[in-house]
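The next block holds one structure in the form of structure tokens; read it before the comments.
The values are calculated or read from the model by the stated rules, or taken from the named source; none is laboratory data. The structure presented is a predicted model; accordingly, all values stated were derived computationally and were not measured. Note that we place each Cβ from the backbone using ideal geometry, even for glycine, and neighbour counts take in every protein chain shown. Accessible surface areas use protein heavy atoms only, side chains included; no ligands, DNA or RNA. Shrake-Rupley method; radii C 1.70, N 1.55, O 1.52, S 1.80 Å.
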Amino acid sequence: MIGVEFQEKLIEVLKSVNGRLNGILHDFYQPYGLTAVQASVLLELTKNGEQNITDLCKHLYMGKSNLSPLCKRMEKSGFIERVRNLKDERCVNIKMTEYAQRIMEEVTTSLSENIIPTFNKIDEFKKIRIVEGLDILNECLSLDTNKIGKGSD
């Protein structure tokens, strides 16, 4: 595939995968009152723990102007809390609440029980190809951050 044909096929596949993933994840997060973006914040906090808004933006490829109001809504909903950094009290860190930790445990269990088995139907060679293809795509998108953007302000 070359040129326009590749571009059209790439866009078609990406839209399809994105739509399917959003639909699947929506079904898992919606009962807890979470959007996919809010869930990604909680997943990041689950993985890397309490962090300041700048680091959270970098890890999520989001701008502060988008993440700050999102965090305010999540705080009002009881998912996160803002805590003073012990080393520098001028700085505020974002931390998951116990309520959010329980939700993420339930969501992780549910995903493991309902989504992961789908991939068990695929042979190992295809699983490896999927990961390799996504790694290549990620690498390509990272090549020229000046043109593509970093996802932050």
Problem - Count of residues meeting criterion [modelled with pLDDT under 95, in a loop (DSSP other than H, G, I, E, B) and open to solvent by 50 Å² or more (accessible area, probe 1.4 Å)] in the range 62-101 - result: 5
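Per-residue answers, yes or no, for (1) at pLDDT 90 or above; (2) surrounded by 10 or more Cβ atoms within 10 Å (Cβ to Cβ); (3) in a helix (DSSP H, G or I); (4) more than 19 Å from the chain's Cα centre (by Cα):
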| residue | (1), (2), (3), (4) |
| --- | --- |
| E106 | yes, yes, yes, no |
| L111 | no, yes, yes, no |
| K126 | yes, yes, yes, yes |
| D135 | yes, yes, yes, no |
| N138 | no, no, yes, no |
Practice task
Return the total of residues in the range 33-48 being open to solvent by less than 50 Å² (accessible area, probe 1.4 Å) and either within 9 Å of the chain's Cα centre (by Cα) or among the β-branched types (V, I, T) (or both).
Solution key: 7
Problem - Those residues of the range 49-61 which are touching a residue at least 24 places away in the same chain (Cβ under 8 Å), open to solvent by 70 Å² or more (accessible area, probe 1.4 Å) and part of a helix (DSSP H, G or I), in sequence order - result: K58
Fill in the blank from the handout: Residue pairs within 6 Å by beta carbon, gap of at least six or interchain, first lying in the range 71-88 and within 15 Å of I53 (Cα to Cα) and hydrophobic (A, V, I, L, M, F, W, C), second open to solvent by 70 Å² or more (accessible area, probe 1.4 Å) and at pLDDT 95 or above, listed first then second, are V83/K95
